[in-house]
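Read through the structure below, which is laid out as structure tokens, and then see the notes.
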Amino acid sequence: ETFIEANHVPSLDLLIANLQNHIVTETFKLERIARTESQKFVLAGREKGYKELQQRRQEQGIVDEFLYIWSIRRDDRTSKQCIEIARRVNASARQQGRRGIPLSELKTIVDSVAKEMNGSKWRVSDWLPHPNCRSKFVRMI
């Protein structure tokens, strides 16, 4: 949309309204990117930390299996992807008679659900099944 069309000079109010709409849209996009990238780093750090902890315990002769769930906030903003991931994780854990599932299995479920619901070209990036994701994996103790 252009501000000035042939034989029409927009009012100052119209110009301001158009600029404000553009700024709001761009601000939302920037906030989405910032939230998504922040969550990406948090979850990548969690994964690294849990793997290092499990490796240290194994080096100390403590052999225990680390099991995880997909933790979601249940509110009006909870995504269909995260609800489905949590459902599949819980079903798999129940089927195996456990309280959670191994991290590798959880990551496979996250990737699978994201591709099913976002399209085959979707690439999960460090545990993010969609932009603005607030969910996370949690170790069951």
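The values are calculated or read from the model by the stated rules, or taken from the named source; none is laboratory data. Please read these numbers as outputs of a predicted model, since none were measured by experiment. Counting neighbours? That spans all protein chains shown, and the Cβs are built from the backbone with ideal geometry, glycine included. In case anyone asks, the SASA skips ligands and DNA or RNA and just uses the protein heavy atoms, side chains included. Shrake-Rupley method; radii C 1.70, N 1.55, O 1.52, S 1.80 Å.
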So if a site counts as exposed when it's one of the GluC sites (Glu not before Pro), its DSSP state isn't H, G, I, E or B, and it has at most 14 other Cβ atoms within 10 Å, what's the longest stretch of the chain without one? 66-141
Take the Cα coordinates of the chain, assign each an equal point scatterer, and use the Debye formula without solvent to give log10 I(q)/I(0) at q = 0.08, 0.20, 0.21, 0.22 Å⁻¹. -0.35, -1.19, -1.27, -1.34
So how tilted is helix 12-59 from the main axis of the chain? Cα-based, degrees 0 to 90, rounded to 10. 10
What's the FRET efficiency of Tyr50 with Arg73 using the Cβ-Cβ distance as r and R₀ = 22 Å, to the nearest 0.05? 0.55
The stretch 66-141 - Kirkwood radius from inverse mean 1/r over Cα pairs (Å): 12.4
Take Tyr68, Tyr50 and sort them by solvent-accessible surface of the protein heavy atoms, 1.4 Å probe, largest at the top. Tyr50, Tyr68
Among Lys40, Lys51, Lys107, residue whose mean-square fluctuation peaks in a GNM of the chain (springs only between Cα atoms under 10 Å): Lys51
Relative contact order of the chain, defined on C-alpha pairs under 8 angstrom at six or more residues apart (%): 31
Quick one: among Gln81, Gln55, Gln20, which has the greatest mean-square fluctuation in a GNM of the chain with alpha-carbon springs under 10 angstrom? Gln20
How far is it, in nm, from the label point at Ile16 to the one at Ala91 when both lie 7 Å from their Cα along the line to the Cβ? 5.5
So how far apart, in nm, are the two label points at Arg32 and Ile83 if each is 7 Å from Cα heading toward Cβ? 2.0
Based solely on its DSSP helices, what 222 nm [θ] is calculated for the chain when runs of n ≥ 4 H residues each add -39,500 (n - 2.57) and the sum is averaged over all residues, nearest 500 deg cm²/dmol? -20500 deg cm²/dmol
Would you mind getting me the FRET efficiency between Val63 and Glu116? Use the beta-carbon distance for r and R0 = 25 Å, nearest 0.05. 0.10
Which of Gln60, Gln96, Gln39 moves the most in a Gaussian network model of the chain with Cα springs under 10 Å? Gln60
